[in-house]
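Before any comments, here is the structure.
Computed from the coordinates by the stated procedures, all read-outs in this text should not be read as laboratory data. No experiment lies behind these values; they were computed from the predicted model shown. In this analysis, Cβ positions are derived from the backbone assuming ideal geometry, glycine residues included, and neighbour counts consider all displayed protein chains.
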Amino acid sequence: MAKRFPLAGLLRLRHAQQDRAAAVLAAAKDRVRDAADARIAARRNLADSEASQPITDAATLSAVAAARASTRGMLEELEAVARSRREDADAAQAEHTAARRAALGLEKLEAQHARQQAAEELRAEQHALDEIAARRRTEGGAR
């Protein structure tokens, strides 16, 4: 009977950590996409406002200038948010890579353990067969 891999519990823990890191990474990538979508929408809004109705008086000009300044400020804030979210996503990617590397090392140890156990079983089986063959020779030769 093969021995159980002694680090199986740690391997399960590493897989759980890897799964959690993958979930954090997926959420971070979603936030990056959301920020990119918001930036695109704000840029479209700014472009649409620049191509809108003609300006006929000073009050309209002042209102349009304030709207454009506000939209540009919003774009700068969205850029900062996007940078922050990209940094978070990069950190999540690094964490996921580290978790995967830790799990991979244990997976390799588990595979090596399985190979060693299979080799031990084969040796034990061969030893038993050799004993049976030797007994038959000695029993058969005595008669």
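Could you give each residue of the stretch 61-74 its phi-based ³J(HN,Hα) in whole Hz, using Karplus coefficients 6.51, -1.76, 1.60 with θ = phi - 60°, and x for Gly or Pro?
In residue order, the calculated couplings are 4, 5, 5, 5, 4, 5, 5, 5, 4, 5, 5, 5, x, 5 Hz.
Can you find, among V64, H96, A80, the residue farthest towards the positive end of the dipole of the chain? Put +1 on the C-beta of Lys and Arg, -1 on that of Asp and Glu.
In the chain, that residue is H96.
Hey, in the GNM for the chain with a 10 angstrom Cα cutoff, which one of E79, E131, E110 fluctuates hardest?
Among E79, E131, E110, the largest mean-square fluctuation in the Gaussian network model of the chain belongs to E131.
What net charge do the residues around A28 carry, taking every other residue with its C-beta under 14 Å from that of A28, with Lys and Arg at +1 and Asp and Glu at -1?
On the way: positive: R20, K29, R31, R33, R83, R85, R86; negative: D30, D34, E87, D88, D90, E95.
Residues close to A28 contribute a combined charge of +1.
For the chain, what is the relative contact order in percent, using Cα pairs closer than 8 Å and at least 6 residues apart in sequence? Walk me through the intermediate numbers first.
Values: 68 pairs, mean separation 67.0, N = 143.
Once divided by the residue count of the chain, the mean separation gives 47 percent.
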